[in-house]
């Protein structure tokens, strides 16, 4: 989850219009074969490309962050068994092939209750310090992720562990790992069917270097293992690049001399260096791109498209592409400042008080974009476009608030249990679009008598900071995982696997407050719905895509019935692409983002 926006006017309008009909049918399940639309060419070795971001990375261990800015910085240096290409297909990365039932990589237990997944690694893999990278590292990572002293490990609860619905305690989902004598083949047994097994194998939160991590106490790993400081230069990395310097203003990379993985035929990275440069705001990033100071400008919104597009063609261009993202208002269902938010009818009233179309018109004038409804953007194969959501209805909102005991005073402001309501509205600093969105929300809430105020905070170090990362400031406003907000504006970026995209953020067992699970949950809204929990339980063991579609229909129905958040609009992505960037495949719509294939980039 992170902080990104919406893009291409023409195609976004067509997509929104095409997917707004209740008669629309889901797209087919994702393909797991390499795409034909883009084939990288052999690049000229040498040169440096500079990537730009307006929000710095603050955590380089992928197990302890859900901030997309962090993952952009992690991807060049840390990889998993599989990755997802720019067409949304699963393809091998460190693995030699994508496991399947056909090739024997997925075997369901005879009793139908569990499953074994087998992965074969590419030969000659090594960490950036020259130590062999083998299946033993994965076996260690499983034990590490399942260690009961883990705290704030958001990725540990995805594939490695799950929560016992009866006791609420963490239990191990993987109960056995077998590694071949040569270290190239690793088999993992899941003690129950696990729908998101492909997603589990994908991306950097998969395999860690045992020889490095074993020297760091697990309860300190979130702060000591891979911070954004000089420590990063001593970390053994598994990706095509290794980090040589890291700080709040830039991260520097040079090629991993032992790299033997990759999304195409294994080859050494073409670039001699790569760099992330961080800016204090988007205006600084856009100006740097237009001046030719950076080669790629990431994290741009539709509101930035025109400015980026006015770049001299001799320097670069604006690329606008669809993405699996949606902008939304999270509602803190367990707010101590506003306890009435736990009532679904109050959340419905707030939902009905929000004029989504007016917000869209304010941030994207004359775009023709339509409001979002469900939590699944158009283009994702498991979207059910038949679900319906509450509409803008101020009269009904007022009636619901009155019935819930939110009383209007003579000044028009509402009170609850004798206390005047004043909701804390949060968003990421340096984002004028989000600030406008919250200003419109503030006005809409005032129309129905709900007073509110806006605060902004740094994205990675406050808004999206994990439980452990906020241990020294547990009451700081706008810390999402600590629940220090009433409504927060940001975006989800989805990975394409229905269970992994939904269970961590909507299952009631995934509250970050839950000490029994090591504060590892990502359900920051503190949403609790028996219907949602039941649908997710079915979805978890739905290995067949057809069964996943059925279960996801129930998930989306539970979502619009419980209203843990307010989706505003679906988004695309604007990226500044400089003329020197070779083998740019287009923006990756999934949660892996734009740095998934940097070994193929070259300076042209």
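The values are calculated or read from the model by the stated rules, or taken from the named source; none is laboratory data. Keep in mind that this is a model prediction, so the values were computed, not measured. Reconstructed Cβ throughout: ideal geometry from the backbone, glycine too, with neighbour counts over all protein chains shown.
Would you mind stating whether residue 142 is surrounded by 19 or more Cβ atoms within 10 Å (Cβ to Cβ), at pLDDT 95 or above and assigned to a strand (DSSP E or B)? No; evaluated as a whole, the condition is false for this residue.
So in segment 390-412, with the set limited to residues that are within 35 Å of the chain's Cα centre (by Cα) and part of a loop (DSSP other than H, G, I, E, B), which one is surrounded by the most Cβ atoms within 10 Å (Cβ to Cβ)? Only one residue tops the list, namely 390.
Scan segment 521-528 and give yes if some residue there is modelled with pLDDT of 90 or more and either part of a strand (DSSP E or B) or in contact with a strand residue (DSSP E or B) (Cβ under 6 Å, 6 or more places away or on another chain) (or both), otherwise no. Yes: segment 521-528 contains one or more residues that are modelled with pLDDT of 90 or more and either part of a strand (DSSP E or B) or in contact with a strand residue (DSSP E or B) (Cβ under 6 Å, 6 or more places away or on another chain) (or both). Within this structure, residue 174 passes the test of being surrounded by 14 or more Cβ atoms within 10 Å (Cβ to Cβ), without any contact (Cβ under 8 Å) to a residue 40 or more places away in the chain, touching a helix residue (DSSP H, G or I) at 6+ places or on another chain (Cβ under 7 Å) and within 25 Å of residue 113 (Cβ to Cβ). Is there a residue being touching a helix residue (DSSP H, G or I) at 6+ places or on another chain (Cβ under 6 Å) and closer than 21 Å to residue 341 by Cα anywhere in segment 455-475? No: segment 455-475 contains no residue that is touching a helix residue (DSSP H, G or I) at 6+ places or on another chain (Cβ under 6 Å) and closer than 21 Å to residue 341 by Cα.
One line per residue, one yes/no per condition, for (1) on the phi < 0 side of the Ramachandran plot; (2) surrounded by 21 or more Cβ atoms within 10 Å (Cβ to Cβ); (3) touching a residue at least 24 places away in the same chain (Cβ under 8 Å):
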site	(1), (2), (3)
497	yes, yes, yes
507	yes, yes, yes
514	yes, no, yes
518	no, yes, yes
522	yes, yes, yes
535	yes, yes, no
539	yes, yes, yes
544	yes, no, no
552	yes, yes, yes
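Scanning segment 482-497 for residues that are part of a loop (DSSP other than H, G, I, E, B) and modelled with pLDDT of 95 or more turns up 482, 483, 484, 485, 486.
When segment 66-87 is filtered for residues that are at pLDDT 90 or above and over 18 Å from residue 581 (Cα atoms), the ones remaining, listed by number, are 69, 70, 71, 74, 77, 78, 79, 80, 81, 82, 83. Among the residues of segment 289-320, just one is in a strand (DSSP E or B) and surrounded by fewer than 17 Cβ atoms within 10 Å (Cβ to Cβ), namely 317. The residues of segment 283-296 that are over 17 Å from residue 604 (Cα atoms) and touching a strand residue (DSSP E or B) at 6+ places or on another chain (Cβ under 7 Å), listed by number, are 285, 286, 288. Take the conditions (1) more than 22 Å from the chain's Cα centre (by Cα); (2) under 30 Å from residue 471 (Cα atoms); residue 530 misses just one of them, which is (2).
Taken across segment 476-490, residues that are surrounded by fewer than 21 Cβ atoms within 10 Å (Cβ to Cβ), at negative phi and touching a strand residue (DSSP E or B) at 6+ places or on another chain (Cβ under 7 Å) do occur, with at least one present.
Of the residues making up segment 413-449, those that are in contact with a strand residue (DSSP E or B) (Cβ under 7 Å, 6 or more places away or on another chain), closer than 17 Å to residue 566 by Cα, at pLDDT 95 or above and crowded, with 19+ Cβ neighbours inside 10 Å are 423, 424, 425, 426, 427, 437, 438, 441, 445. Exactly one residue out of 225, 196 is under 30 Å from residue 110 (Cα atoms), in contact with a helix residue (DSSP H, G or I) (Cβ under 8 Å, 6 or more places away or on another chain) and in contact (Cβ under 8 Å) with a residue 60 or more places away in the chain: that is 196. When the criteria are applied in full, residue 599 meets the requirement of being part of a helix (DSSP H, G or I), buried (at least 20 other Cβ atoms within 10 Å of the Cβ) and more than 21 Å from the chain's Cα centre (by Cα). Of the numbered criteria (1) modelled with pLDDT under 95; (2) out of contact with any helix residue (DSSP H, G or I) (no Cβ under 9 Å at 6 or more places or on another chain); (3) surrounded by fewer than 20 Cβ atoms within 10 Å (Cβ to Cβ); (4) within 20 Å of residue 493 (Cα to Cα), the one residue 585 fails is (2). Among residues of segment 197-222 being in contact with a strand residue (DSSP E or B) (Cβ under 9 Å, 6 or more places away or on another chain) and outside any loop (DSSP other than H, G, I, E, B), the one that is surrounded by the fewest Cβ atoms within 10 Å (Cβ to Cβ) is 197.
Looking only at residues in segment 321-350 that are farther than 30 Å from residue 382 by Cβ and either without any contact (Cβ under 8 Å) to a residue 24 or more places away in the chain or over 25 Å from the mean Cα position of the chain (by Cα) (or both), the one that is surrounded by the fewest Cβ atoms within 10 Å (Cβ to Cβ) is 336.
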